[in-house]
1. What is the one condition in (1) of a type outside the set (S, T, N, Q); (2) surrounded by fewer than 20 Cβ atoms within 10 Å (Cβ to Cβ); (3) in contact (Cβ under 8 Å) with a residue 24 or more places away in the chain that A:Ala171 does not satisfy?
2. Which of the residues belonging to segment B:46-67 are of a type in the set (S, T, N, Q), touching a residue at least 60 places away in the same chain (Cβ under 8 Å) and in a loop (DSSP other than H, G, I, E, B)?
3. Which ones in segment B:830-872 are under 32 Å from the mean Cα position of the chain (by Cα), assigned to a strand (DSSP E or B) and either within 30 Å of B:Phe947 (Cα to Cα) or of a type in the set (Ser, Thr, Tyr) (or both)?
4. Does segment A:352-368 contain at least one residue that is in contact with a Gly (Cβ under 6 Å, 6 or more places away or on another chain) and free of Cβ contacts under 8 Å to residues at least 40 places away in the same chain?
5. So, in segment A:194-207, of the ones that are touching a residue at least 24 places away in the same chain (Cβ under 8 Å) and surrounded by 15 or more Cβ atoms within 10 Å (Cβ to Cβ), which residue ends up nearest to the other protein chains (Cβ to nearest Cβ)?
6. Based on this model, can you work out whether A:Ala430 counts as modelled with pLDDT of 95 or more, touching an Asp or Glu at 6+ places or on another chain (Cβ under 8 Å) and in a helix (DSSP H, G or I)?
7. Go through (1) more than 14 Å from chain B (Cβ to nearest Cβ); (2) more than 18 Å from B:Asn724 (Cα to Cα) one by one and return the number of the condition A:Tyr85 breaks.
8. Mind telling me which of the residues A:Glu148, A:Glu220, A:Glu213, A:Glu165 ends up being under 21 Å from A:Leu50 (Cα atoms), of a type in the set (Asp, Glu) and at pLDDT below 95?
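The values are calculated or read from the model by the stated rules, or taken from the named source; none is laboratory data. Every value quoted in this text rests on a predicted model; they were computed, and no experiment measured them. All Cβ positions, even for glycine, are placed from backbone atoms using ideal geometry, and neighbour counts span all protein chains on display.
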Amino acid sequence: MNGTMHRALAAAAAALLLALPGCTETLVEPKSTVTGANVFRDPGSYRAFLAKLYAGLVLTGQQGPAGRPDIQGIDEGFSQYLRQYWQMQELPTDEAVIGWGDAGLPELNTQLWSSLNQFFAAMYGRIFFQVAMANEFLRETTDQKLDERRVSDALRQQIRQYRAEARFLRALSYWHGIDLFGNIPLVTEDFPIGATPPPQSTREEIFAFVVAELNEIMGELPPPGAGEYGRADQGAASMLLAKLYMNAGVYTGQERYAEALAALEPVLNGPYRLDDDYRHLFLADNHTSPEIIFTLPQDGLRTQTWGGMTFLIHAPVGGAMSAADYGIDFGWGGPRVKPEVVALYEGGPGGPDQRSHLFFTEGQSLEVASIPSFTDGLALPKYRNVTSAGTPGSHPTFPDTDFPMFRLADAYLMYAEAVLRGGGGSRAQALDYVNQVRERAYGDTSGNITDAELTLDFILDERARELIWEAHRRTDLIRYGRFTGGDYLWSWKGGVQAGQATDAFRDLYPIPASEMLANPNLRQNPGY
Amino acid sequence: MGRIRRSLGVTLALLLLLAASPLAAQGPAGTIRGRVVDGSTQQPLPGVIVSVGERTTLTDTEGRYLIVGVPAGTHTVRAASLGYATASGEVAVVAGQSAALDFSLVPEALALRGIVVVGYGQQRARDVTGSVELVSVEEFNTGRVISAEQLIAAKVAGVNVIDTGEPGGGISLRVRGGTSVTSSNEPLIVVDGIPLAIGGGLSMGRNALNFLDPNDIASVTLLKDASATAIYGSRGANGVLLIQTKSAARGPEITYTSSFSISTVTRQPDVLSAEQFRRAVQEHAPEKLSMLGNANTDWRDAVQRRGQGQEHHLAFSGATDDLDYRFSLGYLEQNGVIEGSATERLSASLNYGQRFFDGRLSVRANVKGSRTKDALTPGGVLGAATTFAPTQPIRDENSPYGGFFEWEDALAPNNPVAELRLSTEEATIYRSIGSLEGEYRAPFLEGLSATLRLGYDVAKGERLRFYPSFLRWQVEQGIGGQVNRENPTQVSTLLEAFANYTTRLERYGAEVDLTAGYTYEESRGDYPSFLAQGLSFDLLGPNGVPAAAIERTFLTVEESRLISGFGRVNLTLADRYLMTLSLRRDGSSRFGPSRQWGTFPAASFAWWLSQEEFMQRLVPGADLKLRLSWGVNGNQAFPNYRAFSDYVISDPTAQVQFGDSFVTTIRPSAADPNIKWEETTSYNIGLDYGLFGGRLSGAIDVYRKDTEDLIFTVPVAAGTNLSNFVTTNIGSMKNEGVELSLSARILDGALGGLSWIGEFNAAYNRNELVRINPFAGGGEQILTGGIAGGVGNNIQVLKPGYPINSFFVFRHKRDAQGRPIYEDTNGDGTINEQDLYENVNGDALVNQDDRVPFESPAPDWILGHTSRLAYGGFDLSFTLRAHLGNYVYNNVASNQGHYRALRDGAPDNLHASVLETGFEEPQYFSDYYVEPASFLRMENLTLGYSFTRAGRPMRVFATVQNVFTLTEYSGVDPMAGVNGIDNDIYPRSRTFSGGISVRF
């Protein structure tokens, strides 16, 4: 070989070497789908994304009433956030029983569930869907990201509030998470997507995190009652904070009733007042009620789901009830009440406590001899798709009625309980709050109680009477130590009609079996 | 692309530079040039070693060779190629001149001769270390062949060609079993060096190869094991199909081939006759007697026809020492045996090659274009033709539905004849692929060559659908007439540059062959479409949109990119030890940002046992080569943008109330930003053999393929993604199998000129899903295989430990005659699953937990046989194919084989199995419907006669396809698609064709 050849060979090799790294950029961004790369070029996307965080509590996917689901592995409507939360808070208590035989549903009536229950997986999935959405929202709205996208100052101002709302919604779901499941992973926006399974945190850790979060965001939220309808303000955040403190003894072993009272202050001093008409709180025009602090709005035409209020209004209708009376096309014939809660109302159904007038008794027996039979147990069409003027909602299947998650009467009773539990405050004020609730219930002062009658047991019973089927009961009973065990028995507790003691470990639901498989860091709750 | 253009410029400049330099290097010597052909076929032989003293070269693809710098004088030139007897000849060389010497080599062993195309180059068959099989034109299947895959059905061990029988319909290929569950299992198809896009919605038309006229194909090469396919990296896991189109080898000629065909349906679904149906209604649904009707209609007959077809192919070709050209025109028209289905193709192909600088620079341009027009049978026609009551008439003068009888019942089937006559479904696709390729063989260093290839693949389609407002289902659904029009466009471009250096290192007795290259591919697809519903009038059909109540337009754009570098070393030591190492690095836009590049290595070794003395003593005269290979491949045939979380916009019915307004929401969807290729590691041991002087030859291969990182949608740890399920690389599966092939020259023309070549192949494959989710401990299963009947019912399962898509059934209890029982065995007054099915898990109840995996649609064994006989001017060939151990779910029987079908709404016709089973209620999940579907089919039988008339060679031929099918399967076709679910599939036909070919 001579020199020319060597040079030419070298040149050929060089050419190939030049060609090889010549173009190595493989990344191709999607053009005609909306992705993280382009979605925030539209300034409206921040609000639309925030709306999704609220939607997660009401809707099940991006198509109403079902379709393009948020979570998979279970029927959409079955797995809706509020429907699951309601079932898990009400069915195992003295307030409700459901007749359907869907896999996993009957065992909710009796506390005899297993970790394979599909509804636990659904609730857990929904909670963490909310957490994941909030985290993603927070990641997408950091100062750095907003700088990069040159977001205007006016919009930044709004995004500050959006971020606070996202953190409120995440806190709300974490509260549900520790209340139902105990020790769960604490996943924040710092935890990257697609990372390895997160470690398990304790209830105490998440409690501390959520409390700190709520305190931090309080100033970024509008004052109580000043937020847009359907969105969280300081009233909602204060209620959540108070709920956490009220149950701090359960969650952390350390009672925090003084803090609970302090947290309630902005609510009690806020613009809220008791609705004159108790029934109005549960009707299709309940968005006009002055009492509601935080609500999950639904709309027959624009916010459609098979869970939520659609479930809460259709499912309790059956037997001799006329669906049209409740503004709907037909009833689903599922849940009724257990007799023990009926007995809490003075004089029973139709007695002087007008709240008991919501029970539907015709053709219904008081006792629940057979769980599947709809006519066993009184029916409770508490929520209705008709307005206070008697007009049906905009759609016979999908109600206009909104779910009152936090309302003033609840705050009043919390105040009284915290005072009685030694959190400070004023006993006279507590009595006044309770009697305000009583006065509305009776229509006059005949139901008012004396200072001597103001006891913790009275409060628990009053909470049942006032807040029945509003998804508080299980938490209340646990705080009073009566959910499991043998101190308080009710129909079908423990699987027998007379009721029998259940194991204390059932104060917590099991971490779903599917989640135990997906996250090897988790330890199952004791007993399961 | 800017950088691409620069690289291109540099490369071109370099090629020109190299081209200029040899002119100065001429000495006082001459050159020898010539051509080497196969003595029996007269086809050019590439890769033949031609040597004069110390000087050695290889022939090129046209069989040409050139030796320069030969001193003047008389020389002996030797031409040697494995599989052929070595030939030699004398030639006188004059200084400064070119002497010519051609060789005609006599073949020795069939399977080991010649040259095979491999990825980015070619190899002598004797040097191949992987599992590679070549099917050349004379071995192709005969008869009416619409698409190239059909040419090789039953020809290659381990390759399963599954066609639907519908003209122009989809064809699936499985090379050594599938490697994926959610991604494509189709092999990569490379036409003249251009990889066709697969997966990601970028393959157009019903079959990716419909655009290509099979008459233009010279050979199809299958790369089966990883050592052969690893050079295709992330697209090689399902095997690679290399298609070489024809180029001219000899002097100007014109060939014309024409044929005509007729097809008829061979089997029909076994439904009740009108008489049987009447009796069934009387006995089992007397309440429906008023709906019985008194016609006698054979609905199947009403939608079937005799399919006619014609085909013409005209090719002009010619070759001189320095250039060759071939131009062809093709026309195909084929009507399906079901009305409404037809395909028509008009195609043109140009292949032009020219050599410059004494053949050192060869340039080739390849352009193919076609227009395919498809007519499609509307979706519900076949099903309705099976279920529609045979006692109802086709026409009804008083009907508001275009004069056709229709049921006034939303759940009843619609009149299939009305659907055929009134609706329109058609598609037109224009597609062209082409390449420009330059190969330069360096003058200063024998054996060094550089190749640059630019290619494109452009397709533009139009799919039309029209349903008039008075069509029954339009009325039923309140649509009021509908026009859909889709106009997809896809453009792919390709740049490839690679260099090859071949040399012989005398000192070590070694031959080295090095290849290194770079490729860049880009694809873009635009998918605009519109939908108009509620037409104000129907007269315009699909060709105009009158005012419509709803008009919606859609547009999607997709882009993808694949960038690769690759290299390969072939090393031959002492003429008997062979080694191939290859490596490819692929960067793909489909992979997640953190996994953008994948590396795919392969190594293989071969040992020519027969070159060893001990082996020659042991098995004298045998050719034996042992091969071992290992390699890693990928599969990236999944949709684009999987790594990106897309924001899904909510519907108007899924808004959220903020104050007094309702807000449309956006939701980021769960995505795995680390998504990557599915990865298959393959092992192969093979033995190539030639016995009795090459009269008997073939190969035995044993392989195993382990696929990891299978893509599944599985639950993820809460909080780690944007939903509770995500699509990610998680599962694994394996395939293992054995392949045998045998070619025999049984008769060699010795007996009065009769010659007979027989080929046989057999392949066994076993597939097993190893796991879906490593955290789930193997207990999980995913239902798949949707069926007709009920809502959302599935008949197959993905379950670790079983073949993918195993049928998932109840074990139906049988009576003494083996029939499924249908009686109240537990005496509770009802006949239900408690009575009929075995309680497999032994608990209290028979429920969904008692369904078990049972057999699978994939055959255990696939056998193929081809015989080719010639006597004088006559030739006869036939191909047989057998599948053993495959099962089919007879969904027609399960969906219609029960008396409930008479009672729900309008009475539907029943499948005749009900006469045996007596089922009152559907038993969708009974194993009774999973039928053994092993079969033996004569794929084709051809008789031809060649003669010369007026100095022109001619051949007339006649072919029958699907001569017979022997099977115990009771439905229309034992090869019911890849998934083995016979749900009113297109019926198989028998085709008779005849034609003539002439050469001028």
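1. (2)
2. At the first step, the residues of segment B:46-67 found to be of a type in the set (S, T, N, Q) are B:51, B:56-57, B:59, B:61.
With touching a residue at least 60 places away in the same chain (Cβ under 8 Å) added as a condition, the list becomes B:56-57, B:61.
Correct list: B:Thr61 only.
3. Our first condition is that a residue be under 32 Å from the mean Cα position of the chain (by Cα); within segment B:830-872, this holds for B:852-870.
Subsequent filtering for residues that are assigned to a strand (DSSP E or B) retains B:852-854, B:861-870.
Once the filter is applied, which keeps residues that are under 32 Å from the mean Cα position of the chain (by Cα), assigned to a strand (DSSP E or B) and either within 30 Å of B:Phe947 (Cα to Cα) or of a type in the set (Ser, Thr, Tyr) (or both), segment B:830-872 yields B:His865, B:Thr866, B:Ser867, B:Arg868, B:Leu869, B:Ala870.
4. no
5. Taking segment A:194-207 and keeping what is touching a residue at least 24 places away in the same chain (Cβ under 8 Å), we get A:197-200, A:203-204, A:206-207.
Then drop every residue that is not surrounded by 15 or more Cβ atoms within 10 Å (Cβ to Cβ), which leaves A:197-198, A:200, A:203-204, A:206-207.
Values: A:Pro197: 4, A:Pro198: 6, A:Gln200: 11, A:Arg203: 16, A:Glu204: 19, A:Ile206: 12, A:Phe207: 17 Å.
Filtering segment A:194-207 for residues that are touching a residue at least 24 places away in the same chain (Cβ under 8 Å) and surrounded by 15 or more Cβ atoms within 10 Å (Cβ to Cβ), the one nearest to the other protein chains (Cβ to nearest Cβ) comes out as A:Pro197.
6. Values: modelled with pLDDT of 95 or more: yes; touching an Asp or Glu at 6+ places or on another chain (Cβ under 8 Å): no; in a helix (DSSP H, G or I): yes.
Here the answer is no, as A:Ala430 does not meet what is asked.
7. (2)
8. Working: A:Glu220 fails: at pLDDT below 95; A:Glu213 fails: at pLDDT below 95; A:Glu165 fails: at pLDDT below 95.
Only one candidate passes the filter, namely A:Glu148.
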